[in-house]
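First the structure, in the form of C-alpha coordinates, and then the observations on it.
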Amino acid sequence: MPDYNSLITGQNVSKTKRQRAKELRREMTPAEAKLWQRLRADRLGGFHFRRQQVIGPYIVDFYCHKTALVVEVDGDIHLRQVEYDQQRERDLQALGLRVIRFSNLDVLQNLETVLEEILRLCRL
(Lines give C-alpha, C1' and ligand atoms only; values in the text may rest on other atoms or scores of the structure.)
Protein backbone atom coordinates (compact mmCIF):
# COMPACT_ATOMS: atom_id res chain seq x y z
CA MET A 1 0.00 0.00 0.00
CA PRO A 2 1.46 3.40 -0.96
CA ASP A 3 2.19 5.92 1.74
CA TYR A 4 -0.28 8.81 1.41
CA ASN A 5 2.53 11.24 2.26
CA SER A 6 3.98 10.67 -1.20
CA LEU A 7 0.67 10.52 -3.08
CA ILE A 8 0.80 13.99 -4.51
CA THR A 9 4.49 14.56 -5.14
CA GLY A 10 5.30 11.01 -6.18
CA GLN A 11 2.49 10.39 -8.62
CA ASN A 12 2.73 10.48 -12.39
CA VAL A 13 -0.26 12.45 -13.69
CA SER A 14 -1.12 12.32 -17.38
CA LYS A 15 -1.58 15.52 -19.32
CA THR A 16 -5.21 14.55 -19.93
CA LYS A 17 -5.91 14.05 -16.21
CA ARG A 18 -4.17 17.33 -15.33
CA GLN A 19 -6.24 19.15 -17.96
CA ARG A 20 -9.48 17.61 -16.68
CA ALA A 21 -8.67 18.73 -13.12
CA LYS A 22 -8.13 22.28 -14.40
CA GLU A 23 -11.46 22.17 -16.21
CA LEU A 24 -13.23 21.00 -13.06
CA ARG A 25 -11.66 23.88 -11.11
CA ARG A 26 -13.07 26.34 -13.63
CA GLU A 27 -16.50 24.65 -13.71
CA MET A 28 -17.24 24.12 -10.02
CA THR A 29 -20.84 23.58 -9.02
CA PRO A 30 -22.46 26.29 -6.89
CA ALA A 31 -22.09 24.04 -3.83
CA GLU A 32 -18.40 23.37 -4.54
CA ALA A 33 -17.76 27.08 -5.07
CA LYS A 34 -19.49 27.97 -1.81
CA LEU A 35 -17.50 25.40 0.16
CA TRP A 36 -14.24 26.38 -1.56
CA GLN A 37 -14.66 30.00 -0.43
CA ARG A 38 -14.54 28.75 3.16
CA LEU A 39 -11.76 26.17 2.69
CA ARG A 40 -9.33 28.11 0.49
CA ALA A 41 -6.31 29.98 1.80
CA ASP A 42 -6.20 27.92 5.02
CA ARG A 43 -9.42 29.57 6.22
CA LEU A 44 -10.74 26.51 8.05
CA GLY A 45 -8.67 26.12 11.21
CA GLY A 46 -5.45 26.80 9.33
CA PHE A 47 -5.75 23.56 7.34
CA HIS A 48 -4.65 23.72 3.71
CA PHE A 49 -7.05 22.26 1.17
CA ARG A 50 -6.61 21.73 -2.55
CA ARG A 51 -9.54 21.57 -4.94
CA GLN A 52 -10.00 19.08 -7.75
CA GLN A 53 -6.89 17.19 -6.68
CA VAL A 54 -5.66 14.24 -8.71
CA ILE A 55 -5.03 11.21 -6.51
CA GLY A 56 -4.14 8.12 -8.48
CA PRO A 57 -6.81 7.53 -11.13
CA TYR A 58 -9.28 9.86 -9.40
CA ILE A 59 -9.92 13.58 -9.12
CA VAL A 60 -11.31 14.41 -5.69
CA ASP A 61 -13.28 17.57 -4.94
CA PHE A 62 -11.19 18.75 -1.97
CA TYR A 63 -8.12 17.30 -0.30
CA CYS A 64 -6.21 18.16 2.87
CA HIS A 65 -2.83 16.47 2.62
CA LYS A 66 -1.84 17.13 6.25
CA THR A 67 -4.86 15.24 7.57
CA ALA A 68 -5.26 12.75 4.69
CA LEU A 69 -8.87 13.90 4.30
CA VAL A 70 -10.86 13.85 1.07
CA VAL A 71 -14.06 15.91 1.00
CA GLU A 72 -16.59 15.10 -1.70
CA VAL A 73 -19.62 17.22 -2.61
CA ASP A 74 -22.18 15.04 -4.34
CA GLY A 75 -24.79 16.14 -6.84
CA ASP A 76 -27.57 14.16 -8.46
CA ILE A 77 -25.19 12.19 -10.70
CA HIS A 78 -23.96 10.30 -7.66
CA LEU A 79 -27.40 8.73 -7.27
CA ARG A 80 -26.73 6.96 -10.58
CA GLN A 81 -23.18 5.85 -9.84
CA VAL A 82 -23.37 4.38 -6.35
CA GLU A 83 -21.22 1.33 -7.09
CA TYR A 84 -18.51 3.43 -8.74
CA ASP A 85 -18.45 5.83 -5.77
CA GLN A 86 -18.22 2.94 -3.31
CA GLN A 87 -15.26 1.41 -5.18
CA ARG A 88 -13.61 4.81 -5.45
CA GLU A 89 -13.98 5.34 -1.71
CA ARG A 90 -12.52 1.89 -0.97
CA ASP A 91 -9.56 2.64 -3.26
CA LEU A 92 -8.88 5.98 -1.55
CA GLN A 93 -9.20 4.38 1.90
CA ALA A 94 -6.72 1.69 0.84
CA LEU A 95 -4.25 4.55 0.31
CA GLY A 96 -4.74 5.60 3.93
CA LEU A 97 -7.13 8.44 3.15
CA ARG A 98 -10.35 9.27 4.95
CA VAL A 99 -13.32 10.24 2.77
CA ILE A 100 -16.31 12.30 3.81
CA ARG A 101 -19.26 13.06 1.57
CA PHE A 102 -21.82 15.83 1.66
CA SER A 103 -24.70 16.47 -0.71
CA ASN A 104 -24.95 19.71 -2.65
CA LEU A 105 -28.05 20.47 -0.58
CA ASP A 106 -26.13 20.02 2.70
CA VAL A 107 -23.46 22.48 1.57
CA LEU A 108 -25.93 25.02 0.26
CA GLN A 109 -28.34 24.89 3.20
CA ASN A 110 -26.17 23.82 6.17
CA LEU A 111 -22.72 25.16 5.39
CA GLU A 112 -21.74 25.84 9.00
CA THR A 113 -22.61 22.27 10.04
CA VAL A 114 -20.60 20.91 7.08
CA LEU A 115 -17.61 23.05 8.04
CA GLU A 116 -17.81 21.97 11.68
CA GLU A 117 -17.72 18.30 10.63
CA ILE A 118 -14.78 18.84 8.27
CA LEU A 119 -12.88 20.71 10.98
CA ARG A 120 -13.66 17.98 13.52
CA LEU A 121 -12.22 15.34 11.20
CA CYS A 122 -9.15 17.46 10.47
CA ARG A 123 -8.42 17.68 14.18
CA LEU A 124 -8.61 13.90 14.79
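The values are calculated or read from the model by the stated rules, or taken from the named source; none is laboratory data. Just so you know, these numbers come straight off a predicted model, no measurement behind them. A quick note on method: Cβ atoms are made from the backbone with ideal geometry, for glycine too, and the neighbour counts reach across all protein chains shown. Only protein heavy atoms, including side chains, enter the accessible area calculation; ligands, DNA and RNA are left aside. Shrake-Rupley method; radii C 1.70, N 1.55, O 1.52, S 1.80 Å.
Could you sort Glu32, Glu112, Glu83 by accessible area so the largest value comes first, with the probe set to 1.4 Å?
On the way: Glu32 20, Glu112 95, Glu83 150 Å².
Result of the area sort, largest leading: Glu83, Glu112, Glu32.
Using the Cα centre as the reference, give the magnitude of the dipole from point charges on the C-beta atoms of the chain (Lys, Arg: +1; Asp, Glu: -1; all else neutral), rounded to the nearest 20 debye.
600
Give me the 1.4 Å probe accessible area per residue for the chain, excluding ligands and nucleic acids, in Å². Kindly include the intermediate steps, with their values, before the conclusion.
Numbers: 7300 Å² over 124 residues.
It amounts to 59 Å² per residue over the chain.
Is any helix in the chain, taking whole DSSP H runs, at least 15 angstrom long along its axis by alpha carbon and on average at least 1.6 on the Kyte-Doolittle scale, and which ones? Before the final figure, lay out each step's value.
Details: long enough: 15-26 (17 Å, -2.65); 82-94 (18 Å, -1.92); 111-123 (18 Å, 0.48).
The qualifying helices: there are none.
What size of dipole, in debye to the nearest 20, comes out for the range 10-72 about its Cα centre when the only charges are +1 on Lys and Arg C-beta atoms and -1 on Asp and Glu C-beta atoms? Could you put the intermediate results ahead of the total?
Working: 14 positive and 6 negative charges, 51 e Å.
Once rounded to the nearest 20, the dipole reads 240 debye.
First select every other residue whose beta carbon is under 13 angstrom from the beta carbon of Leu111; then total the charges, Lys and Arg +1, Asp and Glu -1.
Numbers: positive: Lys34, Arg38, Arg43; negative: Glu32, Asp106, Glu112, Glu116, Glu117.
Result for the local shell: -2.
How do the peptides 37-46, 99-108 rank, highest first, by the average count of neighbouring beta carbon atoms within 10 Å per residue?
Highest mean packing first, the order is 99-108, 37-46.
Net charge within 14 Å of Gly45 by Cβ-Cβ distance, Lys/Arg positive one each and Asp/Glu negative one each, not counting Gly45 itself?
Details: positive: Arg38, Arg40, Arg43, Lys66, Arg120, Arg123; negative: Asp42, Glu112, Glu116, Glu117.
Taking every other residue near Gly45 into account, the sum is +2.
Once every DSSP H run of n ≥ 4 in the chain is given -39500 (n - 2.57) and the sum is divided by its residues, what mean residue ellipticity at 222 nm do you get, rounded to the nearest 500 deg cm²/dmol?
On the way: 5 runs with 54 residues, N = 124.
Counting only the DSSP helices, I get -13000 deg cm²/dmol.
Normalised by the number of residues in the chain, what is the relative contact order in percent for Cα pairs under 8 Å and 6+ residues apart? Present the calculation step by step, with values, prior to reporting the outcome.
Numbers: 141 pairs, mean separation 31.7, N = 124.
26 percent.
Ratio to report: Rg/Rh of the range 59-124, with Cα atoms as the point set and Rh obtained by the Kirkwood method; give two decimals.
Working: Rg = 12.0 Å, Rh = 12.5 Å.
Using only Cα positions, Rg/Rh for the range 59-124 is 0.97.
Once you place label points 7 Å from the Cα toward the Cβ at Lys22 and Ile100, how far apart are they in nm?
3.1
May I have the extent of the alpha carbons of the chain along their three principal axes, as whole Å values ordered from largest to smallest?
37, 32, 26
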